[in-house]
Structures are given as structure tokens and as C-alpha cells.
1. May I ask you to list the trypsin sites (Lys or Arg not before Pro) in region 1-78 that are in a DSSP loop and have at most 13 other Cβ atoms within 10 Å of their Cβ?
2. Work out which chymotrypsin sites (Phe, Trp or Tyr not before Pro) in the chain are exposed loop sites (DSSP not H, G, I, E or B, at most 15 other Cβ within 10 Å) and give the longest gap free of them.
3. Give the shape of region 1-56 as rounded, prolate or oblate, defined through the alpha-carbon gyration tensor: a ≥ b ≥ c are the square roots of its eigenvalues, a/c under 1.5 means rounded, and otherwise the shape is prolate if a/b is larger than b/c and oblate if not.
4. Among (1) 121; (2) 136; (3) 99, only one was calculated for this model; which label is it, if the read-out is volume of the Cα convex hull per residue in Å³?
5. What full-extension length gain, to one decimal in nm, is calculated for Arg7 and Asp137 as 0.36 nm per residue of separation minus the Cα-Cα distance?
Amino acid sequence: MTIRETRQGDLKGLLELYAHLQKEGRLEPDLEAERVWRRILREENHHILVAEEGGRILSSCVCVVVPNLTHGQRPYALVENVVTHPDFRGRGLASACLAAARELAARQGCYKIMLMTGSKRESTLRLYERAGYNRQDKTAFVQWL
């Protein structure tokens, strides 16, 4: 298994993995997806980390580093879109991606890293706790637009 940041040719594999993240199912690399992909690749603070085996992306998470004026002007990081292909869950792939996100955030000088999940599955919540996240320090609110 290799943990790495995405590169130009990863869009199709990433979209195939993301089909397991949302109810809409399979995502296609259409013109709009290609446009957004190019923008993501240009953003220096937007990182998509993947776990890859045999050239196939099996797990991933997004880590965005946000510049900040508080906490001594130290940035913070947000983790989103944590997903592992269902056939490969329980092998530590998501944990490895989350560890890589934590290392990236630490290298960037972040004072905290945050993750929100819509999952109520106890196994998912335990995964995040094992990765160092806790449920006690903050209260999350979401407003869908």
C-alpha cells in the first residue's frame, strides 16, 4: 500500500471511489468534474490523500489547510470525504490516510485538525477516535445550501 497525494491522472479512480461516499452512485469525469479537478490541483492548500494498491485508489481523504489570524496566525486543517472502498475496509487504509493528513497538517504548522462525519455507524466513529479525534471538544453545526 502507498499513501500519496493525488496527481493529474487520478480523477477517474477518485470518482469511482467517491461513488461509495454518496447516495447518487457512480460519478463520471465530465467537463465540470474536469474543471473542478484542475482547480483542486492548483490549490496549494487543498490536498487529496489516497491509499493505493496495484495502481488502484482504495481509500482517500481530503485535507484543506486554512490560513488563520488567531492562535498566533497558525492555520488549521479540515478533513472531509473520508472513504474506503467497501471491499477493502478494515485493513487500515483510511487510518493511514488520516495519519498522512495529520502529518501534513503538522508540517504546515496547524494548531488543530477537524473532521465532521454524517455517519452514525459506531465502527466509523471508533475509526476517527483511534485516529486521534474526539467527540467532546467541539459542537458541529451544518447548514446545507
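Every number here is computed from the coordinates shown, using simple stated rules; none is lab data. Small disclaimer: the values here were computed from a predicted structure and weren't measured. For neighbour counting, all protein chains shown are included, and Cβ atoms are generated from backbone atoms with ideal geometry for every residue, glycine included.
1. Counting only loop positions with at most 13 other Cβ atoms within 10 Å, the trypsin sites (Lys or Arg not before Pro) in region 1-78 are Arg7, Lys23, Arg26.
2. Details: sites that count: Tyr111, Phe141, Trp144.
No qualifying site falls inside 1-110, the longest such stretch.
3. Numbers: a/c = 1.75, a/b = 1.04, b/c = 1.69.
Oblate shape, in that a/c is at least 1.5 and b/c is the bigger or equal ratio.
4. Derived directly from the coordinates: (2).
5. Working: separation 130, 0.36 × 130 = 46.80 nm, distance 3.45 nm.
So the extension gain works out to 43.4 nm.
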